Amino acid sequence: MSVLHHVPGSRSLRVLWLLEELEEPVDLRIWSLTDGGLRSAEFRALSPAGRVPALEIDGRVIFESGAILEYLTETRGRLAPAPGTPERAEFLEWLHFAETQANILQNLNIHHIFLRPETARSGALMRLDTKRLAVTMHALEAHLSGRDWILTEFSAADCMLAFNLDAMFRFVRPDGFLAIATYRARVQARPAYQRALARAGSDTIYTQDFYELTNG
Ligand SMILES: N[C@@H](CCC(=O)N[C@@H](CS)C(=O)NCC(=O)O)C(=O)O
């Protein structure tokens with residue numbers, strides 16, 4: 001049986017959701033972002049940067065969510081345009097765009113939530129990353145206007161936005177992002193997404209719906 005190394009509320013939801021879409025069984029091994037477990041030798045043998053997700057599958061371990069999604073779609077022959085086809089470049093663009101956006105979200109998580117003491121937080125960096133997040137959201141909004149999914153049909157590029165869609169409106173108000181909000185509702189209505197969420201466990205990152213910028 002495959003094993004997904006997972007933290008509730010994190011990027012590993014991308015993989016869990018895609019596995020549900022593919023109807024591939026997987027066991028979950030739950031880790032914490034804060035107890036040091038991801039820094040252990042045991043975990044770094046699976047994922048050298050000490051990050052989730054890592055997926056044990058087909059007799060090997062794969063880390064990096066984008067690589068896992070590409071591997072799964074290639075080996076299962078589903079939910080991505082085949083290499084060399086015209087839509088492939090667009091698929092890859094949005095797959096990697098999601099990670100660019102996730103890195104900004106991660107910086108905001110660090111500043112608003114994880115960094116201690118609070119005086120170590122930089123108001124300037126928080127404002128900068130909030131603006132950089134809004135730029136990516138405007139790009140996503142423009143792309144999604146008038147379409148149901150990232151590509152013409154549902155694909156793994158949609159799964160790659162799983163962590164982002166929950167996080168982005170915690171830092172940027174939803175005004176002006178109707179296409180993203182509608183898309184998010186479409187995602188939440190998918191049975192495979194609902195099954196993934198039910199298995200994923202409660203979010204361990206956010207304790208507030210919205211994080212205001214401070215003046216520091
Ligand atoms: N590019 C990596 C990023 C993975 C990543 O940063 N995961 C976060 C959770 S969303 C993590 O494990 N953070 C632990 C840490 O930074 O110590 C991927 O997409 O898999």
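The values are calculated or read from the model by the stated rules, or taken from the named source; none is laboratory data. These numbers were taken from a predicted model, which means no experiment stands behind them. As a convention, Cβ positions derive from the backbone with ideal geometry for all residues, glycine included, and neighbour counts pool all protein chains shown. Note: accessible area is taken over every heavy atom of the protein model, side chains too, but ligands, DNA and RNA are not part of it. Shrake-Rupley method; radii C 1.70, N 1.55, O 1.52, S 1.80 Å.
Residues that are over 17 Å from the mean Cα position of the chain (by Cα) and assigned to a loop (DSSP other than H, G, I, E, B) within the stretch 173-192 comprise Arg173, Pro174, Asp175, Gly176, Phe177, Ala189, listed in sequence order. Condition check: buried (at least 20 other Cβ atoms within 10 Å of the Cβ) and within 26 Å of Ala200 (Cβ to Cβ). Does Ile113 satisfy that? No: the conditions fail for Ile113. Screening His5 with (1) under 21 Å from Ile205 (Cα atoms); (2) more than 10 Å from the ligand (Cβ to nearest atom); (3) of a type outside the set (A, V, I, L, M, F, W, C) gives one miss only, at (2). When the stretch 193-215 is filtered for residues that are aliphatic (A, V, I, L, M), assigned to a loop (DSSP other than H, G, I, E, B) and open to solvent by 40 Å² or more (accessible area, probe 1.4 Å), only Leu213 remains.
Of all residues in the stretch 152-166, those that are charged (D, E, K, R) have Cβ atoms under 6 Å from Cβ atoms of residues that are surrounded by fewer than 24 Cβ atoms within 10 Å (Cβ to Cβ), 6 or more apart or on another chain, in Asp158/Trp149.
Check Glu99, Glu64 and return the single one that is at positive phi, within 15 Å of the ligand (Cβ to nearest atom) and among the charged types (D, E, K, R). Being at positive phi, within 15 Å of the ligand (Cβ to nearest atom) and among the charged types (D, E, K, R) holds for just one of Glu99, Glu64, which is Glu64. Could you check, for the stretch 146-156, whether at least one of its residues is over 27 Å from Pro83 (Cβ atoms) and surrounded by fewer than 19 Cβ atoms within 10 Å (Cβ to Cβ)? Checked the stretch 146-156: at least one residue is over 27 Å from Pro83 (Cβ atoms) and surrounded by fewer than 19 Cβ atoms within 10 Å (Cβ to Cβ).
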